[in-house]
Amino acid sequence: MSDSVFASVVQAPEDPILGVTVAYNKDQSPVKLNLGVGAYRTEEGKPLVLNVVRKAEQMLVNDQSRVKEYLPITGLADFNKLSAKLIFGANSPAIQENRVTTVQCLSGTGSLRVGAEFLARHYHEKTIYIPQPTWGNHPKVFTLAGLSVKSYRYYDPSTRGLDFSGLLEDLGSAPSGAIVLLHACAHNPTGVDPTSDQWEQIRQLMRSKGLLPFFDSAYQGFASGNLDADAESIRLFVADGGECLAAQSYAKNMGLYGERVGALSIVCKTADVATRVESQLKLVIRPMFSNPPIHGASIVATILKDGDMYTEWSVELKAMADRIISMRQQLYDALCARGTPGDWSHIIKQIGMFTFTGLNTNQVAFMTKEYHIYMTSDGRISMAGLSSKTVPHLADAIHAAVTSAA
Ligand SMILES: Cc1ncc(COP(=O)(O)O)c(C=O)c1O
């Protein structure tokens, strides 16, 4: 061993989120339950490939005119246009005025990274404010891109809801021009979103201070079941004519996780600026991954450009969102039925893939040890990993954790 040139490389810790699955895979118990990773599962606990996705793939395979040439640096042009339309709305003036540049990237993560690298090179303010808490990868992505990361208050553990006054105070004291990362909907990990009125107040504050919004949209359509409703926050900011960035992922809403399909859009004040911004985005992308993969983006473009397939997608998407919403209700009912101490109404109030249970690290460890239930140590559970069959087991575990593992 000692003769390896890498002998001094130390063992790195598992990723806090993906590591949950590693531990789950090692568990031999027949009742084990993985509520760690944010991927949709059917009532039978199986991964789901949407019918409309299968159909689009079949069409692509059957089309003999298709080749495997490289895409341009910015990706598939149709995909980019349709992605912008999906997130900003079909009648968005920003799109009509050619003020938006959209580039295809490697899912949500890659879009965030490309956006952040662009900002680190070309934007005068290098500090990005991220919510506390947020998706664990955010600080790493932004730091490695060359931005300096600070946080703003977001979640209030005492109400298990939004710390709105803390949020306003922290953004209010951020230096003017600072970048602010906002979850467009279905905030991860808390499942707590601002109301429309609160979004409007956030917008006014941010615009008055010249703070630059960077939206992370990983769950459009997945939160409420409605693609337009879940894009409302972004559209509110775009409607005022100001600038912003948006990172889109098709991992959850089209179930294309491993295809790595996403887009970064930058909304600018003028078409001329947008063109120059795009030219610089190419310089970020070219040495990073040269150009994005063709298959997943072709699936998305096929679905988005065909009226019937789009409708079929929205129906399948709503079914996924509805199943998650019904899991919330079932878990809440099961805890009420057991008389589990505490107020569990946040389970039905929170939105999106995750419930931030409020369970502490000890309680999480207890549930893993005694009930073979796996989740991140902050008490976040993926509602998509639950089914009517597994809700009673989870409710028993939470009840036992709350009553015996303080
Ligand atoms: C808030 C948030 N942003 C971005 C992502 C990125 O996901 P992906 O890179 O798979 O699109 C996720 C995935 O869990 C997420 O929860």
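Readers should treat all values here as calculations from the given coordinates under stated rules, not as data from a laboratory. Small disclaimer: the values here were computed from a predicted structure and weren't measured. Note that each Cβ is placed from the backbone with ideal geometry, even for glycine, and that neighbours are counted across all protein chains shown.
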Q) Can you give the relative contact order of segment 245-370 as a percent, counting alpha carbon pairs under 8 Å and 6+ residues apart? A) 15 percent
Q: List the residues whose amide H sits under 5 Å from the amide H of Phe354, counting only those 5 or more places along or on another chain, with H placed 1.01 Å from N in the peptide plane.
A: Met383
Q.
Which residue fluctuates most in the GNM of the chain (Cα springs below 10 Å): Val300, Val391, Val100?
A. Val391
Q. Label-point separation (nm) for Ser326 and Thr270, each offset 7 Å from Cα along Cα-to-Cβ?
A. 5.4 nm
Q.
Taking the Cα of Arg121, stepping 7 Å toward and past its beta carbon, and measuring to each backbone N in segment 267-294: which are under 14 Å?
A. 276-291
Q | Choice from Ile294, Ile381, Ile87 showing the highest fluctuation, given a GNM over the chain with Cα pairs closer than 10 Å | A | Ile294
**Q.** Relative exposure of Cys185, Cys105, Cys268, judged by other C-beta atoms within 10 Å (fewest first)
**A.** Cys268, Cys185, Cys105
Q | Span from the segment 94-136 Cα centroid across to the segment 22-61 one, whole angstrom | A | 29 Å
Q.
Under a crude label model (7 Å from the Cα following the beta-carbon direction), how far is Ala23 from Asp343 in nanometres?
A. 3.0 nm
Q. For segment 12-137, what relative contact order do you get, as a whole percent, if you take Cα pairs closer than 8 Å and at least 6 residues apart?
A. 16 percent
Q) Which lysines does Lys85 reach when only Cα atoms under 17 Å apart count, and residues fewer than 8 places away in its own chain are ignored? A) Lys305
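Sorted from fewest to most neighbouring beta carbons within 10 Å, what does the list Asp240, Asp193 look like?
Asp240, Asp193
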Q. So what's the angle, to the nearest 10 degrees on a 0 to 90 scale, between helix 271-289 and the longest Cα principal axis of the chain?
A. 60 degrees
Q) What is the packing order of peptides 8-21, 217-230, taking the mean over residues of other C-beta atoms within 10 Å and listing the highest first? A) 217-230, 8-21
Q) Taking the Cα centre of the chain as the origin and placing charges on Cβ (Lys, Arg +1; Asp, Glu -1), which of Thr275, Leu211, Gln350 is farthest toward the positive end of the dipole? A) Thr275
**Q.** For segment 391-398, Karplus couplings with θ = phi - 60° (6.51, -1.76, 1.60), whole Hz, Gly/Pro x
**A.** 4, x, 4, 5, 5, 4, 5, 5
Q. So which of Lys140/Lys318; Lys318/Lys349; Lys252/Lys369 end up more than 28 Å apart by C-alpha?
A. Lys140/Lys318; Lys252/Lys369
Q) Using Cα atoms only, what is the angle between the long axis of helix 307-338 and the major principal axis of the chain, expressed in degrees (0 to 90) to the nearest 10? A) 30 degrees
**Q.** the chain - percent relative contact order, Cα under 8 Å, separation 6 or more
**A.** 25 percent
Q) Taking the Cα centre of the chain as origin and charging only Cβ (+1 Lys, Arg; -1 Asp, Glu), how large is the dipole, in debye to the nearest 20? A) 480 debye
(Q) Give me a comma-separated list of calculated 3J(HN,Hα) values for segment 182-193, in order, Karplus coefficients 6.51, -1.76, 1.60 applied at θ = phi - 60°, integers in Hz, x for any Gly or Pro. (A) 10, 7, 4, 6, 6, 3, 10, x, 8, x, 10, 10
